[in-house]
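Colleague: The structure that follows is given in the form of structure tokens.
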Amino acid sequence: MSWAALEAGGWIGSALAVLTLLGGGVKWLFGRNDQARQTREDKLRAWQEELEAREKRIDEGRTAYVERLEARLGLLEAKDEARDTQMTALRISFELVSSALRHIDPKNSALGLADDLLRTAFPGPAEAPSDMVEQLVAIAKARGEVA
């Protein structure tokens with residue numbers, strides 16, 4: 001064999017070695033990027049799952065809180081409506097009684113004070129209807145409460 005053939009074989013072998021080395025380096029580099037990408041995707045997936053679980057817990061807690069608030073609001077509205085009915089009944093009762101008492105004792109200071117307090121608390125009509133007052137006076141006379 002000649003030196004030229006050996007030299008050409010050396011060059012070809014060297015070129016193949018360099019190409020193999022470059023190919024291995026490229027493969028290693030891309031493999032590393034794939035591995036890093038996979039690790040990153042795993043971390044993002046885990047983070048996403050954690051966020052979804054946390055959001056679900058928050059939503060469940062918020063839903064339970066809203067349900068408790070709605071139940072309490074329902075109770076408060078029912079109590080308020082009952083008190084409204086009671087206060088209306090008290091106001092009407094006072095108006096009826098005070099109208100009759102005004103005809104019996106128009107200068108009664110306690111009646112005037114109570115009337116002022118109720119007018120402040122419950123603005124509205126000041127007097128009971130005249131026919132109602134007449135009926136109350138007639139009832140009071142029938143019972144002997146008025147002379």
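Colleague: Give the cross-link partners of Lys107 among the lysines, using a straight C-alpha distance below 27 Å as the criterion and excluding same-chain residues fewer than 8 apart.
Modeller: Those lysines meeting the cut-off are Lys141.
Colleague: Subtracting the Cα-Cα distance from 0.36 nm times the residue separation, let me have the gained length for Glu41 to Glu70 in nm, one decimal.
Modeller: Additional length available on full extension: 6.2 nm.
Colleague: What dipole magnitude, in Debye to the nearest 20, does region 64-104 give about its Cα centre under +1 on Lys/Arg Cβ and -1 on Asp/Glu Cβ?
Modeller: So the dipole magnitude of region 64-104 works out to roughly 240 debye.
Colleague: Quick check: convex hull of the Cα atoms in region 58-136, volume per residue, rounded to a whole Å³?
Modeller: It comes to 108 Å³ per residue, whole-number rounded.
Colleague: Sticking with this one: If the chain between Val26 and Lys79 were fully stretched, how many nm would it gain, using 0.36 nm times the residue separation less the Cα-Cα distance?
Modeller: Working: separation 53, 0.36 × 53 = 19.08 nm, distance 7.82 nm.
Stretched out fully, the Val26 to Lys79 stretch lengthens by 11.3 nm.
Each reported figure results from applying straightforward, stated rules to the coordinates on display, with no laboratory input. Note that the structure is a prediction, hence the values are computed from the model and not measured. No Cβ is skipped: glycine too gets one built from the backbone with ideal geometry, and neighbour counts run over all protein chains shown.
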